[in-house]
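To start, the structure under review is shown below, and the notes come after it.
The values are calculated or read from the model by the stated rules, or taken from the named source; none is laboratory data. Not measured: the values here are computed from a predicted model. Note that each Cβ is placed from the backbone with ideal geometry, even for glycine, and that neighbours are counted across all protein chains shown.
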Amino acid sequence: MPIEIPTGPGGARRGRESSPDDPCFLCEVIAGREDKGIVEETDQTLTFVNWQQFELGQVYVIPRRHAPTLFDLTDEEATAIMRAIRRVSRALLKAYDPDGLNLIQNNGVVAGQSAPHFHMHAVPRRKEGSDWGNGPPHIAVLEGKEPTKPSRDVLVSLEREYEIADEIKRHLPQ
């Protein structure tokens with residue numbers, strides 16, 4: 001049975017209403033039609049700040065080509081994404097000195113994928129003072145828990161995205 005892919009553009013447009021006919025939000029970021037805090041660009045990948053900062057420094061790494069899931073990536077794209085994830089993860093460790101780091105990637109609606117474009121999250125985590133509640137809501141549900149929400153508003157302004165991106169960029173390996 002094929003994996004059910006989310007329909008519509010994905011929900012990362014800073015609270016603006018979107019319709020199922022809108023283009024893929026992540027493709028719009030790649031095309032430069034959506035402004036984001038860009039951390040790094042390569043020929044095959046784009047790394048940028050998530051506007052929903054469940055933990056300070058949370059970023060996405062995406063392929064430049066529209067590929068809905070891991071299974072739609074070429075081997076070259078998968079390799080490029082892992083290189084980008086490793087680079088940004090090292091920068092996150094230097095920039096924020098977290099106690100741990102989550103790498104999260106969901107394939108299909110049932111797994112919690114919300115945008116129809118492959119994306120991997122890199123999320124610095126803290127043992128104490130975390131604002132993520134008991135973790136990503138879909139993982140909490142899979143673990144049989146009632147999802148808890150962060151105790152603060154996790155939505156950051158575009159200006160704050162730029163600040164976070166600049167902080168991470170300062171720590172990217174040369």
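Things to note:
- Any hit, the range 30-45, residues being under 15 Å from the mean Cα position of the chain (by Cα), farther than 23 Å from LYS169 by Cα and modelled with pLDDT of 95 or more: no
- Test: residue in the range 18-36 that is buried (at least 16 other Cβ atoms within 10 Å of the Cβ), at negative phi, of a type in the set (Lys, Arg) and part of a loop (DSSP other than H, G, I, E, B): yes
- Residues of the range 41-60 satisfying the condition of being farther than 16 Å from ASP166 by Cα and hydrophobic (A, V, I, L, M, F, W, C): PHE54
- From the list ALA80, ALA95, ALA84, the lone residue that is part of a helix (DSSP H, G or I) and touching a helix residue (DSSP H, G or I) at 6+ places or on another chain (Cβ under 6 Å) is ALA95.
- Number of residues in the range 108-129 that are in contact with a Ser or Thr (Cβ under 8 Å, 6 or more places away or on another chain) and either buried (at least 17 other Cβ atoms within 10 Å of the Cβ) or free of Cβ contacts under 8 Å to residues at least 60 places away in the same chain (or both) equals 4.
- Annotation note: Cβ proximity below 6 Å between a residue of the range 35-61 that is within 16 Å of ASN102 (Cα to Cα) and hydroxyl-bearing (Ser, Thr, Tyr) and a residue that is crowded, with 22+ Cβ neighbours inside 10 Å and at pLDDT below 95 (sequence gap 6+ or interchain) occurs for TYR60/ASN50.
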